Amino acid sequence: MDNNKEKKFISVYITNNQSKLALIKSLLDSNKVIYYVDNENAATIGDSLPYMNVMVFEEDAAIAKELIGE
């Protein structure tokens, strides 16, 4: 892999369920998969829960989906 090439994040799971998100984050953390959750902080604003998008590096997508069960 070219070290100068930017790593790309891709979506592996979308949810508006905080409990499911906590489980997914725990699974990814325990397996040392780097991720971020797009819209995670917006979940605390307002009455309705927005959808949160779990993003991982493209090279880790297969293992992340396997861990999540997708």
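Can you give the FRET efficiency for residue 7 and residue 48, using 1/(1 + (r/R0)^6), R0 = 30 Å, r = Cβ-Cβ distance, to the nearest 0.05? Once the sixth-power term is evaluated, E becomes 0.35. Using the Karplus relation 6.51 cos²θ - 1.76 cosθ + 1.60 with θ = phi - 60°, the per-residue 3J(HN,Hα) values for segment 24-32 come to 4, 4, 5, 4, 5, 4, 5, 9, 6 Hz, with x marking Gly and Pro. Calculated mean residue ellipticity, 222 nm, the chain: -9000 deg cm²/dmol, from DSSP H runs (n ≥ 4) at -39500 (n - 2.57) each, averaged per residue and rounded to 500. Each Lys and Arg Cβ is given +1 and each Asp and Glu Cβ -1; about its Cα centre, the chain then shows a dipole of about 100 debye. Summing +1 for each Lys or Arg and -1 for each Asp or Glu among the other residues whose beta-carbon sits under 15 angstrom from that of residue 23 gives -1.
Taking a straight Cα-Cα cut-off under 29 Å and skipping sequence neighbours fewer than 8 places away in the same chain, the lysines within cross-link reach of residue 20 are 7, 8, 32, 65. Calculated translational diffusion coefficient of the chain (37 °C, 0.692 mPa s; Stokes-Einstein with Kirkwood radius over alpha-carbon pairs) equals 258 µm²/s. Full extension of the chain between residue 32 and residue 14 gives 4.5 nm of extra length, using 0.36 nm per residue less the Cα-Cα distance. Here the contact order of the chain, divided by its residue count and restricted to Cα pairs under 8 Å and six or more residues apart, works out to 44 percent. Here the accessible area is traced with a 1.4 Å probe on the protein chains. For the chain, carbon and sulfur cover 47 percent of it.
The values are calculated or read from the model by the stated rules, or taken from the named source; none is laboratory data. The shown structure was predicted, so the numbers you read here are calculated from the model rather than taken from an experiment. Positions of Cβ are generated from backbone atoms using ideal geometry, with glycine treated the same way; all protein chains shown enter the neighbour counts. Quick note on the areas: whole protein, heavy atoms, side chains included, nothing else; ligands and nucleic acids left out. Shrake-Rupley method; radii C 1.70, N 1.55, O 1.52, S 1.80 Å.
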